[in-house]
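A.B. asks: Input: one structure, supplied below.
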Amino acid sequence: MSQGSSNPLVDPLDRRLTLIPPPCALVLFGATGDLARRMILPAVYDLANRGLLPAGFSLTGVGRSEWTKEHFVRQAHAAVASGARTPFRQRVFEQLTAEMAYVSGDVADLDTCHQLARVLDGSGRGRRVNGGRVFYLATPPATFEAICANLAASGLASGERSGSGERSASGAKVVVEKPFGRDLESARELSRALGLAFAPADVYRIDHFLGGQTARSLLALRFANRLFEPLWNSEHVDHVQITMAEALGVGARAGYYDSVGAARDVMQNHLLQLLALTAMDQPASFGADDLRAAKEAALDATRLPGPAAQCAARGVYASGWLGNVPARGYLEEDGVPADSTTETYAALKLEVTTDRWRGTPFYLRTGKRLARRVTEVAIVFKPAAAETHRGLDTGCLGSNTLVMRIQPDQGTTLRFGAKAPQTPAEVRDVTLDLAHGHAFTEALPEAYEQLILDVMLGADPLFPREREVEAAWRVVDEVESHWATLGTGPEPYPAGTWGPCGAEELARRDGREWMRP
Ligand code: BG6
């Protein structure tokens, strides 16, 4: 008889894909910008094409450019043509554009929101939208406070204020993208600005790493299998490595990137979220509150296990080669100031001081212009006890390792020892390699589709809340403060390699080494 046959993972994490949200008006601030064009408009179209948008869906763009609705529709068409993952279908696009509108104006100007209110109400969009309005702030963070204040003043978004000053839920939601501030203090400032118009539960912080199948797959692997969970602790695990490596350089984003650097750009959010999912204890349920509580507890317990000088390394790519293609160094990239000291690589050694993990190091690294693009979480196990393999030749045996590959090809590999043929007792490493693309045939929504759908559904188990964001900043702030005291810039590493020597040293000090994915 099978025990525990109802699998808690199925309900909140997967069945949701087949749900259709209630009617919804999506308002896209920054509709003329890069994020809207590259990610949001194609994702909205793909959702429409997959039949996942509600019948009463409308899309209203807001931007400073003096566009007409027709121009917005043409721009949306171009964005869909270049960015959508599903085939173009004229009928679907026309259905979408029938419910599109564009409001031109400065977002800092209250009149823009009054105009928006007239558009939403006047056209019947407001009346039809029983499911609520979603305000997507695809604009620079500096505009958030003004937008929220204007949304509140125009009555478009605010719920009632309680005695503590917090807004109650109003049926309106707001979506913001990472990075959530640039340190703990500005993250709090951001939350305060969003709180001008929205209750904390109506704030959706988007971390696109959590929108794909990544998080869900990681949770499923850990908690739906008997195989791994009993070993998922410091008794059996030697250490954990979390890698997000990019082969691309900074590209056309120097203006943004040079003011943030690798630690703030992705360590604070993507990598620490992966750490939270890997390190957290079993949540009481897979509902939003319990999942979030488990992630928060893991992040609250995460710290540098020693002085930042010993636990952090940073680097900047110098010129080099990616395969046989020459690559410029970061300082030669367009838009990067000649005296920049921004890091394009960061590595940290962290400890999660929970009963499960105390004493087990978590090594995190991320960098641009590394040897190849790969994001993965590797669980490196301790060696088998000596008495269990007496008489076997294990001289060449490496560590048992479970790797959850997140991209580019989602998959799972397990490395362990097997007896080599034609030897009496030699044990060598073998690898089981499962590409999920071969195991499953279903087409899955892309991260932005999933995230937009989740916001409309109000299904938010994985969107990071204020406390998680703050816990992650505490870790990164300590490292940034240390780096700010150093008179030197980051250590150069040649493009196309695996990063600076300082990062190798960080692992070597503990008698360990980074994996070569
Ligand atoms: C973003 C970072 O969040 O993630 C970028 O701001 C980075 O610097 C990007 O290039 C990588 O995302 P992906 O999905 O292409 O691996």
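A.B. asks: What residue, of R74, R89, is closer than 18 Å to E449 by Cα, of a type in the set (D, E, K, R) and open to solvent by 70 Å² or more (accessible area, probe 1.4 Å)?
C.D. replies: R89
A.B. asks: Taking segment 361-403 as the region of interest, how many residues are within 16 Å of the ligand (Cβ to nearest atom), of a type in the set (G, A, S) and not in a strand (DSSP E or B)?
C.D. replies: Adding up the residues that qualify gives 1.
A.B. asks: Continuing with the same structure: Mind listing whichever residues of segment 235-290 are without any contact (Cβ under 8 Å) to a residue 40 or more places away in the chain and open to solvent by less than 30 Å² (accessible area, probe 1.4 Å)?
C.D. replies: Selection gives M280, P283.
A.B. asks: While we're looking at this one, here's another question. Of everything in segment 232-290 that's part of a strand (DSSP E or B) and not hydrophobic (A, V, I, L, M, F, W, C), which residue is nearest to the ligand (Cβ to nearest atom)?
C.D. replies: Checked segment 232-290; the qualifying residue nearest to the ligand (Cβ to nearest atom) is T243.
A.B. asks: A further question on this structure: Pull up segment 170-184, narrow it to residues that are within 16 Å of the ligand (Cβ to nearest atom) and not in a strand (DSSP E or B), then point me to the one that is nearest to the chain's Cα centre (by Cα).
C.D. replies: That would be K178.
A.B. asks: Under the condition of being over 30 Å from L277 (Cβ atoms) and at pLDDT 95 or above, which residue from segment 296-324 is most open to solvent (accessible area, probe 1.4 Å)?
C.D. replies: W321
A.B. asks: Restrict the check to segment 408-418 and report whether at least one residue is under 20 Å from E376 (Cα atoms), of a type in the set (V, I, T) and away from the ligand (no atom under 16 Å from the Cβ).
C.D. replies: So far as segment 408-418 goes, yes, one or more of its residues are under 20 Å from E376 (Cα atoms), of a type in the set (V, I, T) and away from the ligand (no atom under 16 Å from the Cβ).
A.B. asks: Looking for whichever is within 16 Å of the ligand (Cβ to nearest atom), under 30 Å from P54 (Cβ atoms) and surrounded by 15 or more Cβ atoms within 10 Å (Cβ to Cβ) here; the options are L462, L457, L453. Which one fits?
C.D. replies: L462
A.B. asks: For A293, indicate whether it is within 23 Å of T488 (Cβ to Cβ), open to solvent by 20 Å² or more (accessible area, probe 1.4 Å) and not in a loop (DSSP other than H, G, I, E, B).
C.D. replies: So A293 fails the test.
A.B. asks: In segment 444-488, how many are of a type in the set (A, V, I, L, M, F, W, C) and within 17 Å of C24 (Cβ to Cβ)?
C.D. replies: Here the count works out to 8.
A.B. asks: Now for a different question. Taking segment 55-71, which residues are open to solvent by 60 Å² or more (accessible area, probe 1.4 Å) and closer than 24 Å to P22 by Cβ?
C.D. replies: Of everything in segment 55-71, just one residue is open to solvent by 60 Å² or more (accessible area, probe 1.4 Å) and closer than 24 Å to P22 by Cβ, namely A55.
A.B. asks: Quick one: is A472 closer than 30 Å to Q310 by Cβ and open to solvent by less than 40 Å² (accessible area, probe 1.4 Å)?
C.D. replies: So A472 fits the description; yes.
A.B. asks: Filter segment 188-215 down to the residues that are within 16 Å of the ligand (Cβ to nearest atom) and assigned to a helix (DSSP H, G or I), then identify the one that is surrounded by the fewest Cβ atoms within 10 Å (Cβ to Cβ).
C.D. replies: H208
The values are calculated or read from the model by the stated rules, or taken from the named source; none is laboratory data. None of the values given here were measured: they were computed from a predicted structure. Virtual Cβ from ideal backbone geometry, glycine too; neighbours counted across all protein chains shown. For accessibility, only protein heavy atoms count, side chains too; no ligands or nucleic acids. Shrake-Rupley method; radii C 1.70, N 1.55, O 1.52, S 1.80 Å.
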